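Only one structure is covered here, and it is reproduced in the block below.
The values are calculated or read from the model by the stated rules, or taken from the named source; none is laboratory data. This one's a predicted model, so the numbers in the text were calculated from it and none came from an experiment. Here Cβ is always computed from backbone atoms with ideal geometry, including for glycine, and neighbour counts include all displayed protein chains.
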Amino acid sequence: MPTVFAEDSVGLVSPQVLHFKEPLPLACGRQLADYELVYETYGMLNAERSNAVLICHALSGHHHAAGYHSPDDRKPGWWDSCIGPGKPIDTRKFFVVSLNNLGGCNGSTGPGSRNPETGRAYGADFPVLTVEDWVHSQARLADALGIRQWAAVVGGSLGGMQALQWSISHPERLRHCVVIASAPKLSAQNIAFNEVARQAILTDPDFHGGHFQEQGTIPKRGLMLARMVGHITYLSDDSMGEKFGRELKTDQLNYDFHSVEFQVESYLRYQGEEFSGRFDANTYLLMTKALDYFDPAAAHDGDLVKTLEPVKADFCVISFSTDWRFSPARSREITDALVGAKKNVSYLEIESAHGHDAFLIPSPRYIQGFGRYMNRIAV
Amino acid sequence: MRADLEIIQEWIPAGSRVLDLGCGGGELLAYLRDHKQVHGYGLERDPDKIAQCLDHGVNVIEQDLDQGLDHFADDSFDVVVMTQTLQAVHYPDRLLRDMLRVGKTCIITFPNFGHWRCRWYLARQGEMPRSEFLPYTWYNTPNIHFCTFRDFEALCREQQLRVLDRLAVDRDHRLGALARWWPNLLGEIGIYRVTR
């Protein structure tokens with residue numbers, strides 16, 4: 001008997017790969033001679049090619065945003081709560097494109113791919129990429145798919161930064177821009193957390209200067225620590241308190257340093273452990289650098305209003321009350337600058353206990369607001 | 001459209017930039033956009049009303065007015081509108097000053113606590129007035145800063161603001177000859193246009 005998926009699921013999906021032969025010039029001054037992008041699509045592109053929505057992923061995301069790769073999959077794609085028939089990004093209306101960014105470790109060309117110049121894995125030799133570079137590569141993907149203009153570019157966190165960059169780099173190529181739980185640039189505190197994560201990886205003896213693949217090792221401890229510190233910033237104090245409190249895994253305190261005593265320790269270790277088994281350390285470094293470097297207003301002496309003046313898209317900016325990684329104030333900066341630049345923008349500040357992670361969690365108010373905005377988009 | 005909004009829209013020049021404080025479902029802004037090429041934003045805090053704004057394609061910013069208008073630059077709007085909300089904010093005086101920092105003119109409507117019905121209710125019952133129009137008990141009401149027309153005009157004088165227009169209407173926003181004659185006693189709702 002075939003497995004039946006929920007009515008609001010996009011069901012079975014399979015990734016596709018596109019090979020690009022035209023060299024991609026990068027912000028760092030280097031270029032990628034040729035590269036591949038892996039992506040998925042959900043829904044149907046209409047005859048006018050006017051209903052395409054691009055999903056930009058966050059730090060550890062990838063192309064598999066919705067549906068299932070096999071009927072046996074335990075979990076659907078990472079943003080399945082928001083993509084599907086009747087969901088905010090309604091696949092009955094939109095043709096959704098979701099890719100794995102360049103430099104990623106889920107199929108697109110990245111540090112784990114073969115460097116054509118050496119015949120070995122790029123490793124640490126993979127160029128440092130910026131959000132602008134990603135948008136550039138995504139525009140090439142749009143060209144290849146015959147999408148001249150997106151109905152919307154949508155992203156959360158680092159994905160929101162890509163959406164924002166799209167509106168600046170290619171004003172004519174998107175009608176709507178949805179920026180969720182994001183920021184116009186990182187704060188010193190954000191960069192500081194990223195640096196701790198990078199140091200955890202860089203100082204892992206198994207990292208081998210980024211060429212661990214050749215050594216047949218994985219900097220597992222470093223990646224695990226990086227993820228643990230990152231994960232703390234994704235949750236709110238309240239949600240951690242509610243989930244774990246000071247609950248113990250053991251019956252009593254052991255008065256030592258190696259036992260896993262508190263539930264929260266166990267949870268973080270599990271998260272770190274799981275992540276270190278599926279993510280590439282060089283990709284993690286690259287993603288955090290792209291975050292740190294993102295600052296579109298820098299080209300205009302820090303004037304975000306001026307930066308956004310050429311923008312043509314209408315915006316929906318969404319933040320979450322307990323997000324302290326990219327707090328509502330950061331989303332409000334984007335909103336205020338858009339108002340200053342006389343652009344159309346709506347701003348939602350959703351009450352949520354889930355911290356930064358709230359953008360992945362389908363709370364009723366979030367789904368309602370996001371859905372109502374998407375629903376209004378003409379295709 | 002609500003009758004007060006019908007009156008207000010006439011006071012808003014075509015093509016102007018408008019900020020609507022407590023914009024509700026975005027009715028006024030949608031009308032102004034469709035009929036008068038107005039570019040506007042609404043501030044609202046009620047999630048359902050915000051969703052209605054999104055349905056109308058009206059720019060809505062989720063914000064509590066008690067936070068003030070620090071997010072908006074001086075002179076960034078031609079008109080700042082606030083209907084039936086003045087009495088519900090914590091610092092009406094600060095907000096009024098802020099509105100006229102951000103906008104060149106302001107349109108404000110509020111219920112007149114000096115209306116004869118309020119006075120009669122208080123005089124006769126010795127209790128805070130309640131009505132169909134203002135149904136709340138004193139201890140559980142969003143309306144924490146009631147004022148009369150005279151009170152409001154005194155505040156305008158204190159802030160050296162000029163009242164450009166004033167209409168006193170009844171609860172259905174009808175203009176009556178009586179209210180024109182003695183607004184502070186006979187007008188239920190005041191609609192003011194104020195500038196620096």
- Selection from region A:4-29 of residues in a loop (DSSP other than H, G, I, E, B) and either within 24 Å of the chain's Cα centre (by Cα) or on the phi > 0 side of the Ramachandran plot (or both) yields A:Asp8, A:Ser9, A:Val10, A:Gly11, A:Val13, A:Ser14, A:Pro15, A:Leu26, A:Ala27, A:Cys28, A:Gly29
- Answer yes or no as to whether A:Gly112 is modelled with pLDDT of 95 or more, over 21 Å from A:Ile361 (Cβ atoms), surrounded by fewer than 21 Cβ atoms within 10 Å (Cβ to Cβ) and small (Gly, Ala, Ser). yes
- Query: Which residues, counting only those in region A:312-351, are within 14 Å of chain B (Cβ to nearest Cβ), in a loop (DSSP other than H, G, I, E, B) and surrounded by fewer than 23 Cβ atoms within 10 Å (Cβ to Cβ)?
  - Reply: A:Ser321, A:Ala341, A:Lys342, A:Lys343, A:Asn344, A:Glu351
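Every residue in region B:32-70 that is β-branched (Val, Ile, Thr) and within 15 Å of A:Phe370 (Cβ to Cβ), please.
In the first step, residues of region B:32-70 are kept if they are β-branched (Val, Ile, Thr); the result is B:38, B:50, B:58, B:60-61.
Those that are β-branched (Val, Ile, Thr) and within 15 Å of A:Phe370 (Cβ to Cβ): B:Ile50, B:Val60.
Can you tell which of B:Cys23, B:Cys53 is surrounded by 19 or more Cβ atoms within 10 Å (Cβ to Cβ) and either touching a helix residue (DSSP H, G or I) at 6+ places or on another chain (Cβ under 7 Å) or not in a helix (DSSP H, G or I) (or both)? Spell out the reasoning first.
On the way: B:Cys53 fails: either touching a helix residue (DSSP H, G or I) at 6+ places or on another chain (Cβ under 7 Å) or not in a helix (DSSP H, G or I) (or both).
Residue meeting the stated conditions: B:Cys23.
Would you tally the residues in region B:154-174 being touching a helix residue (DSSP H, G or I) at 6+ places or on another chain (Cβ under 9 Å) and not β-branched (Val, Ile, Thr)?
Going residue by residue through region B:154-174, those that are touching a helix residue (DSSP H, G or I) at 6+ places or on another chain (Cβ under 9 Å) are B:155-156, B:158-159, B:161-163, B:166-170, B:172-174.
From the residues that got through so far, the ones that are not β-branched (Val, Ile, Thr) too are B:155-156, B:158-159, B:161-162, B:166-168, B:170, B:172-174.
Number satisfying all stated conditions: 13.
Any residue that is at the interface with another protein chain (Cβ under 10 Å from one of its Cβ atoms) and free of Cβ contacts under 8 Å to residues at least 60 places away in the same chain - is there at least one of those in region A:287-304?
no
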- Kindly list, by first and then second residue, each pair from a residue in region A:29-48 that is farther than 17 Å from A:Gly77 by Cβ and at pLDDT below 95 to a residue that is buried (at least 21 other Cβ atoms within 10 Å of the Cβ) and not charged (D, E, K, R), limited to pairs with Cβ atoms under 9 Å and residues at least 6 apart or on different chains. A:Asp34/A:Thr109
- Query: Tell me, which residue of region A:206-232 that is of a type outside the set (Val, Ile, Thr) and without any contact (Cβ under 8 Å) to a residue 12 or more places away in the chain is surrounded by the most Cβ atoms within 10 Å (Cβ to Cβ)?
  - Reply: A:His208
- Output the number of residues of region B:139-192 satisfying the condition of being farther than 18 Å from B:Leu86 by Cβ and of a type outside the set (A, V, I, L, M). 10
- The residue that is farthest from the other protein chains (Cβ to nearest Cβ), considering only those in region B:60-85 that are within 24 Å of B:Ala3 (Cβ to Cβ) and either among the acidic types (Asp, Glu) or not in a strand (DSSP E or B) (or both), is B:Gln84
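Does A:Tyr366 satisfy the criteria of being aromatic (Phe, Trp, Tyr) and either assigned to a strand (DSSP E or B) or within 9 Å of another protein chain (Cβ to nearest Cβ) (or both)? Give the steps one after another, and end with the answer.
Working: aromatic (Phe, Trp, Tyr): yes; either assigned to a strand (DSSP E or B) or within 9 Å of another protein chain (Cβ to nearest Cβ) (or both): no.
Against the criterion (aromatic (Phe, Trp, Tyr) and either assigned to a strand (DSSP E or B) or within 9 Å of another protein chain (Cβ to nearest Cβ) (or both)), A:Tyr366 does not qualify.
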